[in-house]
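Here the structure comes first, spelled out in structure tokens, and everything after it is commentary.
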Amino acid sequence: MNTLTSPRPSRFARQPLLAAGAVAFTIVSWASAFPFIRIGLQGLPPLQLASARFATAALLVLAWLAYRRPRLPTWPDGLRFALCGFLGIALYNALLNTGEKTVAAGAASFIVNTLPIFTALLAFVVLGERFNRWGWLGSLISLAGIAVIARGQPGGLTLGAGSTLILGAALCSASYFVLQRRLIPVYGALTCTAYTLLAGALLLTPWLPGAVHSLDGAPHGTLQAVLVLGVFPATLGYATWTFALGHFGAARAASFLYLTPAVATVLSALLTGERPGLATLCGGLLAICGVVLVALRGRS
């Protein structure tokens, strides 16, 4: 009896290690997006970079869909996935890539990481979720942190400056998360991500021929950046994140993502030579503190 059942504990003992590895992979892959966008922008304009990145991701998504054959969306849900793809992929990356032409990768990661604030605020407005005084205080602290970061970037928080474009990208991502909440229970997290990525890639196809043409004369690192962005942050990162969610639960898993800006800042220093200024570090700390406050105490 003991001989027959002995392998089971070792299998379960590996689960925490696998989950921890999934979290670590997700953080590093999502953090790597910010410096690799800066590298990719050296050879491609913002929309062409986004198109090439998600064309790469779409190939992996189509292979996964052909293998898993998940449930096809209804016509109304198909329109919702198209809107998710527009907000969460096409418009998000257009704003983020354009913003990163002038904003350092580390600073961009701190600004984008405030998207839980916008998600909570949109859920309050659209879904009627309750938001208490701690939530409003955390939001103000986080927005103050963004203002501090923006002071150290070209244009500050003036309309159209890089910082405001990246702030708009965070708002787009939050809108996508709120829209997707009603789809996940029906189709599952991975299937929703696959359909959204595919919709975003299709919406970006008008810029794909230009991207292919530009890659011929682009610097050597541009193609590598496109491949890294398409394979790791856009596809594999979401797969490992889904596994981590299943093990840790949404609240606990989300707390690990507070490490993403710090990892992005370190990777940016290693890959692009960017060093964060004092304004970025102080503002980033304020922004993360506000996000943590909203996550822990912000909802009734």
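The values are calculated or read from the model by the stated rules, or taken from the named source; none is laboratory data. Values in this document were obtained by computation on a predicted structure and should not be read as measured data. Cβ placement follows ideal geometry from the backbone for every residue including glycine, while neighbour counts extend to all protein chains displayed.
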State yes or no: is Ala244 in contact (Cβ under 8 Å) with a residue 60 or more places away in the chain and either buried (at least 16 other Cβ atoms within 10 Å of the Cβ) or within 30 Å of Arg151 (Cβ to Cβ) (or both)? yes
Index of the failed condition, Gly156 passing every other in (1) in contact with a Ser or Thr (Cβ under 7 Å, 6 or more places away or on another chain); (2) of a type outside the set (Lys, Arg); (3) outside any helix (DSSP H, G or I); (4) at pLDDT 85 or above: (4)
More than 27 Å from Glu274 (Cα to Cα), free of Cβ contacts under 8 Å to residues at least 12 places away in the same chain and in a helix (DSSP H, G or I), is that true of Ala58? no
List the residue pairs whose Cβ atoms are under 7 Å apart, where the first residue sits in the stretch 268-280 and is free of Cβ contacts under 8 Å to residues at least 24 places away in the same chain, the second is aliphatic (A, V, I, L, M), and the two are 6 or more positions apart or on different chains. Arg275/Ala269
Answer with yes or no whether Arg11 is of a type in the set (Lys, Arg), surrounded by fewer than 12 Cβ atoms within 10 Å (Cβ to Cβ), out of contact with any helix residue (DSSP H, G or I) (no Cβ under 6 Å at 6 or more places or on another chain) and modelled with pLDDT under 90. yes
Tell me, which residue of the stretch 88-143 that is under 19 Å from Gly162 (Cβ atoms), not in a helix (DSSP H, G or I) and not hydrophobic (A, V, I, L, M, F, W, C) is nearest to the chain's Cα centre (by Cα)? Asn113
Looking at the stretch 176-200, I want the residues that are farther than 17 Å from Trp241 by Cα and have a partner that is surrounded by fewer than 22 Cβ atoms within 10 Å (Cβ to Cβ) and of a type in the set (Ser, Thr, Tyr) with Cβ atoms under 8 Å, at least 6 apart or on another chain. Which pairs are those? Val178/Thr119
Within the stretch 216-228, is even one residue surrounded by fewer than 22 Cβ atoms within 10 Å (Cβ to Cβ), over 21 Å from Ala55 (Cα atoms) and at pLDDT below 95? no
Take Ala295 and tell me if it is over 17 Å from the mean Cα position of the chain (by Cα) and in contact (Cβ under 8 Å) with a residue 60 or more places away in the chain. yes
